[in-house]
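S.K.: Below you will find the structure I want to go over with you.
Read the figures in this text as sums done on the coordinates, not as results from a lab. No experiment lies behind these values; they were computed from the predicted model shown. Note: ideal-geometry Cβ built from the backbone for every residue, glycine included; neighbour counts use all protein chains shown.
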Amino acid sequence: MTGGTHRILAMNTTTATPSRRVAAFAGLVAGAAALGAGELVASFRSDWHSPVVGVAEAIIARVPRSVKDFGVERFGTNDKLALIVGILVLSVIFAVALGLIARRRPLLADGGFAAFALVGVWGSQQAVASSVSGAIPSICAGAAGIATLRALLRAAPAMNARRSDTTPSPVLQDTPAASRRVFLAMAGGATILAATAAAGGRALRARFSAASSRQAVVLPKPATSIAPAPATVSPDVAGVSSFYTANADFYRIDTAVEVPQVRAEDWELRIHGMVDREITLTFDDMLRRRLVEHDITVTCVSNTVGGPLLGTARWLGVPLQELLADAGVDPAANQLVGRSIDGWTSGFPLALVSDGRPALLAVGMNGEPLPLEHGFPARVVVSGIYGYVSATKWITELEVTTFDRFDAYWVKRGWDQQAPIKTQSRIDTPRTLAKVAPGTVNIGGVAWAQTVGISKVEVKIDDGEFAEATLAAEQSIDTWRLWSLQWTDATPGRHRITVRATDANGELQTEQRADPFPNGASGWMSIFIDVKDA
């Protein structure tokens, strides 16, 4: 009788189904184990990526333009972080769902983790420099998820096995079933291992960092230097942007989820295509060349009217014209293409290299080597055209070609081939919907028309006439110009402030509103503020 009871209990324990809560928790822990394993294995080689990063980069490469625009508009320079968080949230939901599925169909749950691995493998193979071995982190992640979920579910049933009225207590106590304590210990251990693997993977990946290489770089003095910008380039108005944008505050918009790590001692630039002779330069070669300084405001085409995606820096680099002269350019060529280490490309008219505007292969930014996230060891900076057609960071190639032969990364996605920056102006202070006291209100901001310059900025309150603002000194036609105006009779109530600019050729900034796609936003910026007594 006792033996029969043992057999019945063993059968019940084996076939018992864990509760939904337990199964969901097991799936969550298994998902964490998969992600942690992927991070750890990805740290073994510099060219491997975790499943999350691989999928994120594949999404960026294939996301519809409307989604890309939404991401930049909503999250700005945090767009990649938002994407990573979104992928992690979906991964958690997916893992919980697999835990619930595994209650009754464990093989289907195994298939779910295999699918998770395949998505990671797909993502890892989308990069230009991808290799078959790049799939290994995702495969290991899927295997870790399957193994963890199976182990937890084997321990889980006894937590929910109900005692039969006909089963004596001593038999239950003698049954070698997993207890709640064992299950929780296994889940806790798996969670700790997953967190340790993820953190360890990130820490190990730091050994591939180019930070130490950057710190060792000593930039030589430029052959052509410029005087520091005088104080008169900035109005004495709180809230207006600094003339120079600090490196730490400079906007960053690119397609790289993880910042490429390129050591200066390993870097090379290949100049090829429609040239008389192909040449390759090292970073030391670059530093031995004639370096020049230029103050340049750079602007992202995704910047909306009044948006923050622009900044001014003092750039140090080699004139592109001199580099191309060494290679010898075919007269039939009309496009210069930059190619990044991660395969991203931009292309702009070759004529802009020699029309007098600053066009640099830059190695320095605001008196120091380029920050890693801004293209170290070298990048392209060209005044007067949007970054998507010129600002190749982590550059490894310059190709002389034609527009008929090659479309760059964003051109293939529908953006215009050629993208001169549009004249724009922005109100920095007061902020929209700010509450200010009646009387005198200081208004100020920036305006830009790179390679042309700004001659006038005007401000309008509500439906009144435009009044001319005071322009700060002009440092260069390649930089933005700061402006200010005192509104001396601000009365209580809600008011609209509008700004517009005129370039140095006398051309007024267009009032017509346009989205960033396909060649940059346009329109006058307006804000509303509330004037009220304190």
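S.K.: Going by amide H atoms built from the backbone, whose H comes under 5 Å of the H on V436, apart from near neighbours?
M.R.: D530, V531, K532
S.K.: Would you mind ranking L153, L320, L107 by Cβ crowding within 10 Å, fewest neighbours first?
M.R.: On the way: L153 22, L320 25, L107 9.
By the 10 Å Cβ count, ascending: L107, L153, L320.
S.K.: Taking amide H atoms as placed 1.01 Å from N in the peptide plane, list the residues 5 or more away in sequence, or in a different chain, whose amide H sits under 5 Å from that of A504.
M.R.: Answer set, sorted by chain and number: G453, I454, S455.
S.K.: What is the helix-to-structure angle for 180-205, meaning the angle in degrees between its Cα long axis and the longest Cα principal axis of the chain, kept from 0 to 90 and rounded to the nearest 10?
M.R.: With rounding to tens, the tilt is 30 degrees.
S.K.: For the pair S133/T491, report the inter-label distance in nm, with labels modelled 7 Å from Cα in the Cβ direction.
M.R.: Going from the S133 label point to the T491 one covers 7.6 nm.
S.K.: Something else about it: Between A195 and R180, 0.36 nm times their residue separation minus their Cα-Cα distance comes to what?
M.R.: On the way: separation 15, 0.36 × 15 = 5.40 nm, distance 2.23 nm.
So the chain would gain 3.2 nm between A195 and R180.
S.K.: Ok, one more. With θ taken as phi - 60° and the coefficients 6.51, -1.76 and 1.60, list the Karplus ³J(HN,Hα) couplings across the stretch 305-321 in order, rounded to whole Hz; mark glycine and proline as x.
M.R.: Taking θ as phi minus 60°, the curve returns 4, x, x, x, 8, 7, x, 10, 9, 9, 9, 10, x, 9, x, 4, 4 Hz for the stretch 305-321.
S.K.: Sort H49, H374, H272, H495 so that the residue with the fewest other Cβ atoms within 10 Å of its own Cβ comes first and the one with the most comes last. Walk me through the intermediate numbers first.
M.R.: Details: H49 27, H374 21, H272 15, H495 18.
In order of increasing Cβ crowding within 10 Å: H272, H495, H374, H49.
S.K.: Would you mind calculating the gained length between K435 and L108 on full extension (0.36 nm times residue separation, minus the Cα-Cα distance), in nm to one decimal?
M.R.: Numbers: separation 327, 0.36 × 327 = 117.72 nm, distance 5.83 nm.
Between K435 and L108, full extension yields 111.9 nm more.
S.K.: Can you tell me how much longer the chain between R20 and Q418 gets when fully stretched, taken as 0.36 nm per residue apart minus their C-alpha distance, in nm with one decimal?
M.R.: Numbers: separation 398, 0.36 × 398 = 143.28 nm, distance 5.69 nm.
Between R20 and Q418, full extension yields an extra 137.6 nm.
S.K.: Karplus couplings for the stretch 42-54 from phi (6.51 cos²θ - 1.76 cosθ + 1.60, θ = phi - 60°), rounded to Hz, Gly and Pro as x?
M.R.: Per-residue couplings from phi come out as 5, 7, 5, 9, 5, 9, 9, 10, 5, x, 5, 5, x Hz.
S.K.: On to the next question. Where does helix 2-15 land angle-wise versus the long Cα axis of the chain, in degrees 0 to 90, nearest 10?
M.R.: That works out to roughly 20 degrees.
S.K.: Could you check how many percent of all C-alpha pairs in the chain are farther apart than 42 Å? Display every interim value, and only then the final one.
M.R.: Details: 53078 of 142311 pairs.
Result for the distance tail: 37 percent.
S.K.: Still on this structure: Can you tell me what share of the DSSP beta bridges in the chain is antiparallel? A percent to the nearest 5 is fine. If you can, show how the numbers build up before the last one.
M.R.: Details: 69 of 76 bridges.
Around 90 percent of the beta bridges assigned by DSSP in the chain are antiparallel ones.
S.K.: Which residues does the label zone of D276 cover in the stretch 306-343, counting backbone N under 11 Å from a point 7 Å along Cα→Cβ?
M.R.: Inside the label zone: 325-331.
S.K.: What FRET efficiency do you get for E73 and F466 if R0 is 22 Å and r is their Cβ-Cβ distance, rounded to the nearest 0.05? Working shown, then result.
M.R.: On the way: r = 28 Å, r/R0 = 1.27.
So the FRET efficiency works out to roughly 0.20.
S.K.: What is the distance in Å between the Cα centres of the stretch 185-245 and the stretch 440-477?
M.R.: 33
S.K.: Within the chain, how many lysine pairs that are 8 or more places apart, or on different chains, have C-alpha atoms less than 27 Å apart?
M.R.: Lysine pair count for the chain: 16.
S.K.: Just want the ordering: V452, V353, from fewest to most Cβ atoms lying within 10 Å of their own Cβ.
M.R.: Working: V452 17, V353 20.
Ordered by Cβ neighbours within 10 Å, fewest first: V452, V353.
S.K.: Right, something else. For the pair Q512/V85, report the inter-label distance in nm, with labels modelled 7 Å from Cα in the Cβ direction.
M.R.: Using points 7 Å along Cα→Cβ, the separation is 3.8 nm.
S.K.: Using just the helices of the chain, give the 222 nm mean residue ellipticity in deg cm²/dmol: DSSP H runs with n ≥ 4 each add -39,500 (n - 2.57), and the total is spread over all residues, rounded to 500. Mind showing how you got there, number by number?
M.R.: On the way: 12 runs with 174 residues, N = 534.
Computed mean residue ellipticity for the chain: -10500 deg cm²/dmol.
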